[in-house]
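The structure under discussion appears below in the form of structure tokens.
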Amino acid sequence: MIDPKQTNKLCLRWEGKQRRIGITGGIASGKTTIGDFLFQAKKWPILDADLYAHEALSAENQIAKKVLLRYGSKIIKNSSKNDRIINRKSLAKIVFQNDIEKNWLEGIIHPFVNKRIEEELTKLKSNSIVILIIPLLFEKNYTGLCSEICYIDCSRSMQLKRLQSREKLSLEEANQRIDAQWDSALKKQFADHIINNSNNDEKWKMQLKKLYNF
């Protein structure tokens with residue numbers, strides 16, 4: 001359960017002139033595919049929180065150095081002296097099996113992601129419409145950045161299938177990744193639009209065309 005104060009935050013929306021379309025959904029629900037489709041069709045710029053999270057873990061970033069200091073050789077892909085690259089799959093295995101480690105990692109990455117989103121929004125302030133793809137949009141209180149929120153709905157069976165195929169995960173690992181996020185039914189309550197992407201039939205394209213008049 002979430003408390004009333006958090007419920008109020010989930011109902012917050014951006015009220016500025018710029019239209020900010022937030023896209024979120026469970027892991028492997030198709031957020032990036034849908035964002036890319038809107039970009040190709042409408043040329044609306046995209047801010048992707050996952051890209052900024054990857055940026056945080058790039059070799060030259062101070063956050064990456066903190067992560068390497070904490071986990072050491074267990075997560076190093078390339079152990080040359082000058083270029084120690086984080087193996088994100090190894091890191092993910094650690095944090096998805098331990099809530100303490102997951103909370104620690106999110107605690108240093110999400111402030112950076114938030115800062116990067118704010119920086120890019122400033123650069124794009126003259127654009128009338130911007131797309132924000134944020135996987136943990138509800139969990140990390142990004143609702144107030146968005147004029148409207150599209151939740152990409154996807155059946156758990158399809159999420160598992162995509163995750164196991166894409167990330168080469170066991171069924172147990174795939175379930176861990178899904179369970180690490182809030183339940184789909186809860187997030188759908190606070191979304192403004194729901195796009196169904198449970199099948200591979202691309203019916204979601206028709207839903208988006210109808211929603212955004214193209």
To make sure I understand, if each residue's beta carbon is the centre and we count other beta carbons within 10 Å, what order do THR24, THR143, THR32, THR122 fall in, fewest to most? THR122, THR32, THR143, THR24
Rounded to 5, percent antiparallel among DSSP beta bridges of the chain: 20 percent
Provide the gained length on full extension for the span ARG88 to GLU148, in nm with one decimal, where the gain is 0.36 nm per separating residue minus the Cα-Cα distance. 18.5 nm
In whole Å, what is the distance between the alpha-carbon centres of the stretch 95-130 and the stretch 1-73? 6 Å
Quick note on GLU101, GLU15, ordering by fewest other C-beta atoms within 10 Å, gives GLU15, GLU101
Under the rule of at least 5 residues apart or a separate chain, name every residue whose amide H is placed under 5 Å from the amide H of GLY25. LEU137, ILE152
If you take the beta carbon distance between CYS11 and GLU173 as r and set R0 to 41 Å, what does 1/(1 + (r/R0)^6) give as a FRET efficiency, to the nearest 0.05? 0.75
So between SER128 and LYS115, what do we pick up on full extension, going 0.36 nm a residue minus the alpha carbon distance? 2.6 nm
First measure r as the distance between the Cβ atoms of ARG19 and ILE76, then evaluate 1/(1 + (r/R0)^6) with R0 = 45 Å and state the FRET efficiency to the nearest 0.05. 0.60
Quick calc, ILE100 & THR32: beta-carbon distance into FRET formula, R0 41 Å, rounding 0.05, result 0.90
Only Cα pairs under 8 Å and at least 6 apart count here; give the relative contact order of the chain as a rounded whole percent. 35 percent
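What does the helix-only formula give at 222 nm for the chain: each DSSP H stretch with n ≥ 4 adding -39500 (n - 2.57), the total divided by the residues, and the result rounded to the nearest 500 deg cm²/dmol?
Roughly -15000 deg cm²/dmol at 222 nm, from the helical runs in the chain.
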With +1 assigned to the C-beta of every Lys and Arg and -1 to the C-beta of every Asp and Glu, and no other charges, what is the dipole magnitude of the stretch 73-194 about the Cα centre in debye, to the nearest 20? 620 debye
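Read-outs: derived from the displayed coordinates by stated rules, not from any lab. All figures in this text were calculated on a predicted structure; none of them were measured in a lab. Glycine gets a Cβ as well: all are built from the backbone with ideal geometry, and neighbour counts include every protein chain shown.
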